[in-house]
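Presented below is the structure to which this report refers.
The values are calculated or read from the model by the stated rules, or taken from the named source; none is laboratory data. As the structure is a computational prediction, the values presented were derived from the model and not from experiment. Cβ: placed from backbone, ideal geometry, glycine included. Neighbour counts: every protein chain shown. The area values use the complete protein model at the heavy-atom level, side chains included, leaving out ligands, DNA and RNA. Shrake-Rupley method; radii C 1.70, N 1.55, O 1.52, S 1.80 Å.
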Amino acid sequence: MNAEEPKKQAPEPSGIDLARVALRAAKEQARARGDAAQQKKQARRGGLRSGARADGRDPMALGSAINRLISERGWEAPAAVGGVMGRWPEIVGENLAKHCVPQKYDEDERVLVVQCDSTAWATQLRHLAPALVARLNEDLGQGSVRMIKVLNPGGPPRRYGPLRAPGSTGPGDTYG
């Protein structure tokens, strides 16, 4: 390039290109005006409302609505225990979680009921129960779980028929 040669400049937009540039600028200006107007409107009204005054029907975020429902109904402890039941393998370990499954939480008695698939695992869980109660109370708050009730496995369905010995309780004799 020679210093005396004029530099090539980008051509001025014309025709359809000029219209596109103008349309884009107009959209940006309208969006800016709309955002500002929406913010002013919400500030005047104090946010989104269902009517002239704020009440329980006003829109709110889903998380806020769920938290409000939980606190209004007094479901804090059951919701926390439900979260623990979802994290059961993390709390007790994968191996124990495969054989022992939480069934329910009695809120009044503060008892967590756990069903095991064999008497050996039920015995193991009974030995670990005090440590698990302490671990659960760390997560849920002191006194949330008073004890763990361990259920033995249910036996296979009882079959009534000609080979049943009179007076026997069947295969359920060995459990418990």
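Among the candidates Asn95, Asn152, single out the residue that is in contact (Cβ under 8 Å) with a residue 24 or more places away in the chain and over 24 Å from Ile70 (Cβ atoms). Steps first, answer last, please.
On the way: Asn95 fails: in contact (Cβ under 8 Å) with a residue 24 or more places away in the chain.
Step by step, each of Asn95, Asn152 is checked, and only Asn152 is in contact (Cβ under 8 Å) with a residue 24 or more places away in the chain and over 24 Å from Ile70 (Cβ atoms).
Considering only the stretch 84-98, state which residues are of a type in the set (A, V, I, L, M) and either at pLDDT below 85 or loosely packed, with under 14 Cβ neighbours inside 10 Å (or both). Spell out the reasoning first.
Of the residues in the stretch 84-98, the ones of a type in the set (A, V, I, L, M) are 84-85, 91-92, 96-97.
If the condition is that a residue be of a type in the set (A, V, I, L, M) and either at pLDDT below 85 or loosely packed, with under 14 Cβ neighbours inside 10 Å (or both), then Val84, Met85, Ile91, Val92 are the ones that fit.
Pick from Val114, Val81, Val101: which is surrounded by 13 or more Cβ atoms within 10 Å (Cβ to Cβ) and modelled with pLDDT under 85? Explain how you work it out, then say what you get.
Values: Val114 fails: modelled with pLDDT under 85; Val101 fails: modelled with pLDDT under 85.
Only one candidate passes the filter, namely Val81.
Applying the selection to the stretch 36-65, what residues are part of a helix (DSSP H, G or I) and either open to solvent by less than 60 Å² (accessible area, probe 1.4 Å) or at pLDDT 70 or above (or both)? Spell out how you get there, then give the answer.
Our first condition is that a residue be part of a helix (DSSP H, G or I); within the stretch 36-65, this holds for 36-45, 62-65.
Those that are part of a helix (DSSP H, G or I) and either open to solvent by less than 60 Å² (accessible area, probe 1.4 Å) or at pLDDT 70 or above (or both): Ala36, Ala37, Leu62, Gly63, Ser64, Ala65.
Looking at Gly155, is it on the phi < 0 side of the Ramachandran plot and at pLDDT below 85? Don't jump to the end; show me each part of the working.
Values: on the phi < 0 side of the Ramachandran plot: yes; at pLDDT below 85: yes.
Criteria met by Gly155.
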